[in-house]
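Taking it in order: structure first as structure tokens, then the write-up.
Just so you know, all these numbers are worked out from the coordinates, no wet-lab data involved. Quantities reported herein were computed from a predicted structural model and do not represent experimental measurements. Here Cβ is always computed from backbone atoms with ideal geometry, including for glycine, and neighbour counts include all displayed protein chains.
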Amino acid sequence: TGWSETWTWIDGTWHEGNPPMMGPRSHAAWLGSSVFDGARVFSGVMPDIDLHCQRVNDSAVALGLKPTMSVGQMVELTREGASKFSPDKQLYVKPMYWAESDGPGVIAGDPDSTRFCMCLFDAPMAPEGAANSLTLSSFRRPTLDCMPVNAKAGCLYPNNARAMLEAKAKGFDNAIVLDMLGNVAELTSANVFMVKEGVVHTPVPNGTFLNGITRQRVISLLRGAGVTVHERSLRYADFQDADEIFSTGNYNKVVPVNRIDERQLEPGPVAARARQLYFEFSKA
Ligand code: PMP
């Protein structure tokens with residue numbers, strides 16, 4: 001199939017590969033009612049797995065879906081699924097809810113038709129030394145009254161995808177996306193930080209972007225290590241003359257930036273420290 005090794009739990013059964021799970025009348029496939037989360041299993045650890053499982057339930061509620069799984073059940077399924085893979089694999093863990101029953105219209109006809117799957121697959125993380133180039137996106141994050149931006153919902157990602165496509169077309173790895181007020185929100189699927197004179201700055205959650213679990217973890221680890229972290233409104237210009245920029249997200253954890261527009265940046269000591277603190281925390 002071309003998919004890396006994959007295991008998916010649906011309705012009590014583990015399936016190998018990528019089993020079909022929606023049909024032409026599934027509300028989620030038709031009208032976008034799906035939510036998911038992303039977490040990691042590597043070297044036998046599952047950093048903040050409980051928070052990711054709680055968030056998928058919160059995302060479900062935000063879209064009017066009915067979560068059917070407890071955090072404990074999802075964590076147990078993660079453990080069970082991970083045991084099917086060779087222990088040296090770096091796994092992506094994706095719990096997901098979707099509405100199955102179709103219309104009458106924008107809402108799922110049967111509110112009890114919420115379904116769940118837990119999908120794990122082999123997905124190596126960006127290696128040590130990886131770095132990204134960034135440019136400014138011409139697309140923006142919607143506000144909470146326009147889209148459920150507090151949820152991790154599939155329906156939000158086409159907007160992020162066009163920001164990413166635009167960045168790639170210009171020769172960059174990723175984009176800085178602004179909110180409606182013109183403040184920096186995040187990258188296309190990661191939060192963003194910058195460093196000036198040893199002090200870390202990152203956008204303050206204002207309802208327009210995902211307050212990432214990795215973001216929150218990295219802030220508390222940096223503060224615990226004595227680094228000052230300010231959460232505040234930031235403009236693109238603040239990033240253009242930063243000493244360092246780095247991103248956080250469950251997929252690749254902490255990754256430095258090596259270029260913003262035409263300006264080269266050295267991946268620096270604060271990003272390296274944040275990455276090291278994260279992986280030390282993960283092992284603990
Ligand atoms: N913003 C968006 C839009 C994302 O998709 C992600 C990845 N989940 C993040 C930020 C980072 O969040 P987290 O650290 O919780 O993965």
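Annotations
- Sorted by Cβ density within 10 Å, fewest first, the residues Arg273, Arg217: Arg273, Arg217
- Convex hull volume per residue for the stretch 132-283, taking Cα atoms only, in Å³: 100 Å³
- For Thr114, the residues whose modelled amide H falls within less than 5 Å of its own, excluding neighbours fewer than 5 places apart on the same chain, are Lys66, Glu100.
- The chain: angle of helix 71-82 to the longest principal axis, Cα-based, in degrees nearest 10: 90 degrees
- Kirkwood Rh in Å, taken over all unlike Cα pairs in the chain: 19.7 Å
- The slack in the chain from Val61 to Lys84, taken as 0.36 nm per residue of separation less the alpha-carbon distance, amounts to 5.2 nm.
- Mean residue ellipticity (222 nm) of the chain, computed from DSSP H runs ≥ 4 via -39,500 (n - 2.57), nearest 500: -8000 deg cm²/dmol
- Largest-first principal axis extents of the Cα set of the stretch 105-221 (Å): 55, 37, 35
- The packing ranking of peptides 244-256, 47-59, 221-233, 133-145, highest mean first, is 244-256, 47-59, 133-145, 221-233, where packing means the average number of other beta carbon atoms within 10 angstrom of each residue.
- Nearest 10 degrees, 0 to 90: helix 269-283 Cα axis against the chain principal axis: 30 degrees
- Its relative contact order, with pairs defined as Cα atoms under 8 Å and 6+ residues apart, puts the stretch 171-246 at 35 percent.
- Given Lys94/Lys170; Lys152/Lys283; Lys94/Lys168, the pairs whose alpha carbons are separated by over 28 Å: Lys94/Lys170
- Label zone at Leu51 (point 7 Å along Cα-to-Cβ), backbone N below 20 Å, the stretch 99-128: 125-126
- Computed from the C-beta positions of Ala284 and Glu197, the FRET efficiency with R₀ = 41 Å rounds to 0.85.
- Mean separation of Cα pairs under 8 Å and 6 or more residues apart, divided by the residue count, gives the stretch 25-146 a relative contact order of 30 percent.
- By the count of other C-beta atoms within 10 Å, a proxy for reagent exposure, Trp14, Trp9, Trp3 are ordered fewest to most as Trp3, Trp14, Trp9.
- Helix 213-224 vs. the chain, principal-axis angle (Cα, 0 to 90°, nearest 10): 40 degrees
- Amide N of the stretch 210-230 lying under 11 Å from the label point, which is placed 7 angstrom from the Cα of Gln276 along Cα→Cβ: none
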